Amino acid sequence: MSADGLTVVRAPEGLRAAAQAVENGHSVAGVAAMSRDDTGDVLREVCPDAVGALASVSKALSDDGLALLQGVPTDSDVLLALMCQFVGGLVAATERPVRYIDHVTPSDATDPRQRPHSQRRTALMPHTDQSARGEPPHYLVLACVANDAETGGESVLVRIEPIAQWLAASDPRSYDLLQEPEFPIFNVPKRDFAITAPLLTVEERDGTRRHALRFRDEAVRAGMREMNRPSDAHVAAFERLSSEIHDERWWSVHRLVPGEVLFLDNRRVLHGRKAILGERHRDLKRLNGRYWPGVGF
Ligand SMILES: O=C(O)CCC(=O)C(=O)O
Ligand SMILES: [Fe+2]
């Protein structure tokens, strides 16, 4: 583990050849239908060392909520899908038509207001993905395909646990209010999901208590404006949480380079990015996953 708590795992040498072998016999949708054991069998066959590397990723993801795998041929969708399916079952990013992999790439072709925030060049404040859904995905995987400049577009990572513990000690009233199901969350800009839910939850498993969050600043603000406004005390608790999340003292910043794959627990670690500067080329693939029963947290 590095100083900022990010476990870095080096992918084994044979992964490029393994990608070709996996591409020959499998499709992304086929991989998404496999059991975890079957994905392990395929990985063992094409690249035995990959199983150990991914087990380390899985452990760090479970223990710390994040892990970085380096040296991955990220151009291979099927290999990425297989690795994600092993760590946590893939869930479709969109249902109709079913799509498992989204590109996070600035697209300058159309009116920026028509595009999701991730397809623009603007900074993204730390958030959890799909926060207006009943069940946001457990995992998020960001695989870097291209990133051609030295600055701009850095990933911002914010762990929930220290913020929650700090809030519990310094502002117990806000800490309690954030756990009440009073916060309207509106999916922006698509407007296709909305939920009223707690922002903070405490999950208990195997005797361990952990905090989890659903949070997207602009989605809660839109919900409070367009759905229903909670009590002033709830609004104040939200503002308190929001100002902490925007405070860079909680941030870790990592610039993804091609071949790096960042695995995040979408409920325990918020992600954002700094603005993508100038005309630089940056292309990430994004996949979503869920916990395998009995694996992880
Ligand atoms: O561009 C990034 O680094 C993150 C994008 C993002 O948050 C997302 O696609 O959900
Ligand atoms: Fe995101």
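The values are calculated or read from the model by the stated rules, or taken from the named source; none is laboratory data. Remember, it's a predicted structure, so these values are computed and weren't measured experimentally. Every residue, glycine as well, gets a Cβ built from its backbone with ideal geometry; the counts of neighbours run over all protein chains shown.
Just one of (1) more than 16 Å from ligand 1 (Cβ to nearest atom); (2) not assigned by TED's automatic domain parsing to the domain that holds Arg221 fails for Tyr175. It is (2).
Filter the range 247-297 down to residues that are among the polar types (S, T, N, Q) and in a strand (DSSP E or B) and give me whichever is nearest to Val145 (Cα to Cα). Filtering the range 247-297 for residues that are among the polar types (S, T, N, Q) and in a strand (DSSP E or B), the one nearest to Val145 (Cα to Cα) comes out as Asn288.
Strands (runs of 3 or more DSSP E) fully within the range 113-213 that include at least 3 residues being among the aliphatic types (A, V, I, L, M) and modelled with pLDDT of 95 or more: 139-147, 155-159.
Counting only residues that are of a type in the set (Val, Ile, Thr), away from ligand 2 (no atom under 15 Å from the Cβ) and at pLDDT below 95, the range 250-297 holds 1 of them. Against the test of being assigned to a helix (DSSP H, G or I) and closer than 29 Å to Ala60 by Cβ, the options Glu244, Glu218 yield a single qualifying residue, Glu244. Exactly one residue out of Val261, Val253, Val257, Val269 is under 15 Å from the mean Cα position of the chain (by Cα), surrounded by fewer than 21 Cβ atoms within 10 Å (Cβ to Cβ) and among the aliphatic types (A, V, I, L, M), and it is Val253.
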